[in-house]
Amino acid sequence: MLMAAKKRQIRFGAYYPAESPVHSLDPRAKIIAMLLFLTGILFVESYAWFAAVYAFGLLALRLARIPAGKAFGAVRGLVVLLIFTALINAFFTRGEMVLWQYGALTLTLEGLHRSALMLLRLVAMVAFSGLLTFTTTPIALSDALESLGRPLARFGFPAHEFAMMMTIALRFIPVLLEEADKIMKAQRSRGGDWREGSLTRRMKGIIAVVVPLLFNALKRADDLAIAMEARGYIGGKGRISLRELRWRPVDTAVLLVVLVFVALLVASRWLPPLW
Amino acid sequence: MFRLENVTYEYQAGVKALADVSLHIPRGCWAAVIGANGSGKSTMARHLNGLLAATSGRVLVDGRDVNEYANVQQLRRKVGIVFQNPDNQIVGNSVEEDVAFGPENLGVPRDEMRRRITEVLGMVGLVGREKADPNNLSGGQKQRLAIAGALAMQPEALILDEATAMLDPVGAAEVLEVLRRLHAGGMTIVMITHSMAEVAEAELAVVMANGRLQMAAPPAEIFRREQELRGWHIELPPVTQLGNMLGMKGCLSLDELLTRLDVGR
């Protein structure tokens, strides 16, 4: 029963359920807007424009009813990478204003500046991509990707197949987790425990869990394929999905606003620096 | 509804899973197929909606050779199938999405899909669970969902391939109750089972052994032939065994045994 309790806590993807105007946008609009926004952020080279980016992003987070702390919490997983990037930028940027020197290490004002911009950029990209992933269920995401990829199907891009794989993966993750739990308990009851002992012993323990899990997963895949065939599945052709994506005027409006903002961000490169 | 004429199926050259099977299951009939593991039950069932194609012989569904169906979807629509493991046949991430899977494949319009979802969930007693995650359903509920998924294609016949084998007694009873209602509504049911109590529900019992059809007759008649059944590793339900010992052969239920004992007294 422990597993049943655990299972309910597991949430796939990062979806944060809430009623908000951002949640109810067409997922396709959100994907396109996010790609535009992330591209725009790459062009920003000044603190003033970063202030604009953060203001825009925070406003959007507020509209989406996502606590800013939750969005910025996603940065925690990348702390090591961020520090590393910041240090490299700080110490390996050549410049005139040398603040500190020790052997080959030189800290310049230009280095600090670049490092700060880089940090602002990475943090903004990570935190604000939550605007898409927190407000869109994995299923809606896969529907949107299928819909956006459809024009490419003509060139052999398997848009429908990817979406179907995603749907099935989401459906079976909990099933496989439960099964893994069962197998581990079975192994433990016979004295096998991958959490103890030498490295070789632990490796052997993991193999003893992974092999039956994989074996069963293949059996399930086989069963599922037959069951899908029995229910008339012949691929994406002629198929109508119960879930319908609806593009509303508000989606166009949101996209236009983002487009204008991103155009400004891109243009900012060639505008005289504000600060 | 179903007619098999000398059907043989070899899954590799020379190895026959089905050997010269001829059988007629009339429309609206509830048939139970029994036999030990490897007797050819499931193989036979999979011929009924074209999941397997006979090596030789003919399979007729609704009077037409399965090979004559213009497309395989027509046949799948006519004959629904529910498998043993409920977890391995649910595709959707919610109850309604799973029910919709078949109609989606057939290109049914969305309004009609919605209507069918409501209808079939009512038939299997899952109304109100439309948005539920299938992973949070009980075994019996999952299997009823699988039945709903098959019903949403509006089939004329339903095949159940050991659909109650993995369920606890409560879950199995729930599924049987649904089948009784469907049968009362005129659905043809072909149920592969190891449970003799379930066979007693059927009108026609089909006994398979070694890929061959051994007997096809009403359960009461088949249950009289205890010795033969033993030879095919089929055990009668306890109440039938008791009846047979007491000379009341072929009893299907306790009530029947008691009534016959009373009459005999």
Per-peptide average of other Cβ atoms within 10 Å, ordering B:197-207, B:238-248, B:139-149, A:154-164 highest first: B:139-149, B:197-207, B:238-248, A:154-164
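Restricting to the protein assembly as shown, compute how many DSSP beta bridges are antiparallel as a %, nearest 5. It would help to have the intermediate numbers written out before the result.
Values: 23 of 40 bridges.
Antiparallel: roughly 60 percent of the beta bridges in the protein assembly as shown.
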- prompt: Residue-wise, which Karplus ³J(HN,Hα) couplings in Hz belong to the range A:117-133, taking 6.51 cos²θ - 1.76 cosθ + 1.60, θ = phi - 60°, and x for glycine or proline?
  reply: 4, 4, 4, 4, 5, 5, 4, 4, 5, 5, 5, 7, 5, x, 4, 8, 6
message: Please report the net charge: other residues with Cβ closer than 14 Å to the Cβ of A:F91, K and R +1, D and E -1.
response: +1
query: Dipole of the protein assembly as shown (Lys/Arg Cβ +1, Asp/Glu Cβ -1, origin at the Cα centre): which of B:M153, B:G247, A:L35 lies farthest to the positive side?
result: A:L35
field: Gyration tensor (alpha-carbon) shape descriptor, the range A:119-225, a/c threshold 1.5
entry: oblate
query: To the nearest 10 degrees, how steep is helix A:159-189 against the longest Cα principal axis of chain A, on a 0 to 90 scale?
result: 60
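May I ask you to order A:70-81, A:97-108 by the average number of other C-beta atoms within 10 Å around their residues, highest value first?
With the highest mean Cβ count within 10 Å placed first, the list reads A:70-81, A:97-108.
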- line: By the mean-Cβ-within-10 Å protection proxy, highest first, A:247-257, B:214-224 rank as B:214-224, A:247-257
field: Mean-position separation - Cα centroids, the range A:48-69 and the range B:1-31, in angstrom
entry: 67
- prompt: Comparing A:V262, A:V211, A:V175, which has the greatest mean-square fluctuation in the GNM of chain A with Cα pairs linked when under 10 Å apart?
  reply: A:V211
task: With label points built 7 Å along Cα→Cβ from the Cα atoms of A:A221 and A:V80, find their separation and express it in nm.
output: 3.1
field: Model label zone, B:A184; criterion: amide N under 19 Å from point 7 Å along Cα-to-beta-carbon; scope the range B:100-126
entry: B:119-126
- prompt: Separation of the range B:193-207 and the range B:44-83 by C-alpha centroid, Å?
  reply: 23
query: Do the sum for chain A: with -39,500 (n - 2.57) for every DSSP H run of n ≥ 4, divided by all residues, what is the mean residue ellipticity at 222 nm, to the nearest 500 deg cm²/dmol?
result: -22500 deg cm²/dmol
Label-point separation in nm, B:H24 to A:E244, each point 7 Å along Cα→Cβ: 4.7
- line: Whole-Hz Karplus couplings 3J(HN,Hα) for the range B:206-212, θ = phi - 60° and coefficients 6.51, -1.76, 1.60, Gly and Pro as x, run 10, 9, 10, 8, 6, x, 10
message: What distance in nm lies between label points placed 7 Å from Cα along the C-beta direction at A:F155 and B:E112?
response: 3.6
task: Give, as ranges by residue number, the residues of the range B:1-41 whose backbone N falls under 15 Å from the point 7 Å along Cα→Cβ of B:S56.
output: B:5-22
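Just list whichever of A:K185/B:K131; A:K237/B:K78; A:K30/A:K70; A:K237/B:K41; A:K182/B:K131; A:K70/B:K131 have alpha carbons separated by over 22 Å in the model shown.
Numbers: A:K185/B:K131 32 Å; A:K237/B:K78 20 Å; A:K30/A:K70 19 Å; A:K237/B:K41 33 Å; A:K182/B:K131 27 Å; A:K70/B:K131 27 Å.
Correct reply: A:K185/B:K131; A:K237/B:K41; A:K182/B:K131; A:K70/B:K131.
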- prompt: Relative to the longest principal axis of chain A, what angle (0 to 90°, nearest 10) does the C-alpha long axis of helix A:138-153 take?
  reply: 80
- line: Other residues with Cβ under 15 Å from the Cβ of A:L218 give, with Lys and Arg +1 and Asp and Glu -1, a net charge of -2
- request: Give the angle, between 0 and 90 degrees and rounded to the nearest 10, that separates the Cα long axis of helix A:79-92 from the longest principal axis of the Cα atoms of chain A.
  value: 30
- line: B:I81 neighbourhood, Cβ < 9 Å, K/R = +1, D/E = -1, net charge +2
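Under 1.5 on a/c is rounded, so check that first for chain B, then, if it is not, pick prolate when a/b is larger than b/c and oblate when it is not; a ≥ b ≥ c are the square roots of the alpha carbon gyration tensor eigenvalues.
Values: a/c = 2.06, a/b = 1.29, b/c = 1.59.
Here chain B falls in the oblate category.
Computed from the coordinates by the stated procedures, all read-outs in this text should not be read as laboratory data. What you see is a predicted model, and the numbers here were worked out from it, not measured in a lab. Heads up, the Cβs are rebuilt from the backbone with ideal geometry, glycines too, and the neighbour counts pull from every protein chain shown.
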